[in-house]
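Beneath this line is the structure, given in structure tokens, with notes to follow.
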Amino acid sequence: MKENAHKISIQIFKKMLIVPIQYELSEQIITNLRIDLFAAIEQYAAKAVIFDMKGIQLLDDVDLSELIKLIRMVNFVGLRTVICGLLPGVVVTIVLLDIDWEDVQIALNLDDAYKILKKNKKH
């Protein structure tokens, strides 16, 4: 299947970008997401990004590492990030690889992610 068939649609809601990841990632998909995400951050003057991972059953160490780099890039430019919807296969990868998620907020679902961002809103 072509990589373009798996373009991630970034949604905007109250200055928050929602990135619904609904299928397995690849290097090309993550690269395209990075380009699209930073364009959307600029276009919408976003203040936060929610990565909704509920569509990912498994994630290998390389793709997980690239996703973490993307999240840290978003944090580095001053936006708050929350990851939600982590399924057991992804959680197992995170734990087995002993990945440091100290600077990443995690929520059970999209509603909880929104509540975290609303509660911790920067003034």
The conditions are (1) closer than 18 Å to ILE10 by Cβ; (2) touching a strand residue (DSSP E or B) at 6+ places or on another chain (Cβ under 8 Å), and GLN28 fails exactly one of them. Which is it? (2)
Scan the stretch 39-87 residue by residue and report those that are of a type outside the set (Gly, Ala, Ser) and free of Cβ contacts under 8 Å to residues at least 12 places away in the same chain. GLU42, GLN43, LYS69, PHE76
Within the stretch 77-90, does at least one residue satisfy the condition of being loosely packed, with under 12 Cβ neighbours inside 10 Å, out of contact with any Gly (no Cβ under 6 Å at 6 or more places or on another chain) and hydrophobic (A, V, I, L, M, F, W, C)? yes
Within the stretch 26-36, identify whether any single residue is of a type in the set (Lys, Arg) and more than 14 Å from the chain's Cα centre (by Cα), and answer yes or no. no
Condition met for ILE94 (under 22 Å from GLY55 (Cβ atoms), outside any helix (DSSP H, G or I) and modelled with pLDDT under 85): no
Of all residues making up the stretch 57-76, the number that are under 19 Å from LYS118 (Cβ atoms) and surrounded by fewer than 18 Cβ atoms within 10 Å (Cβ to Cβ): 1
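The values are calculated or read from the model by the stated rules, or taken from the named source; none is laboratory data. Since this is a predicted model, take the numbers as computed values, not measurements. All Cβ positions, glycine included, derive from the backbone under ideal geometry; neighbour counts span all protein chains shown.
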